[in-house]
Amino acid sequence: MPWLHLIFDAYEDYKAQRAREARELEERIAAEALEQAAREAAAREVAAAIEAANAEAEAEIASEDDANGDGGKKKKKRKHKD
């Protein structure tokens with residue numbers, strides 16, 4: 001019965017191939033998760049930098065308004081009634 005050994009060998013090869021494919025899939029998923037985490041971290045850093053730049057710009061605008069002293073409002077000139 002040499003054909004029986006061929007069937008068992010083929011089945012063992014099949015199991016080994018499935019196990020290898022499962023490991024490769026797990027490795028690929030882990031690598032994608034790491035890449036996604038890195039992208040999210042970079043996005044958070046960019047968002048924090050933008051927020052800091054906006055806060056700095058707002059503070060600069062506020063200090064310029066305070067330096068003007070008029071508070072941004074202009075008084076209307078009215079003609080005196082004689």
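Every read-out reported here was derived from the displayed coordinates using simple, explicitly stated rules and does not represent laboratory data. Only a predicted model underlies this, so the values are computations on that prediction, with no experimental measurement involved. Cβ placement follows ideal geometry from the backbone for every residue including glycine, while neighbour counts extend to all protein chains displayed.
What the Cβ-Cβ distance of A37 and E60 gives, at R0 = 35 Å and to the nearest 0.05, is a FRET efficiency of 0.50.
This model, with +1 at the C-beta of Lys and Arg and -1 at the C-beta of Asp and Glu, gives segment 11-60 a dipole about its Cα centre of some 440 debye. Report the calculated FRET efficiency for H80 and A48 (r = Cβ-Cβ distance, R0 = 35 Å), to the nearest 0.05. Calculated value: 0.05.
Which one, A43, L25, A53, projects farthest toward the positive side of the charge dipole computed for segment 11-60 from Cβ point charges (K/R +1, D/E -1)? Final value for the positive-end residue is L25.
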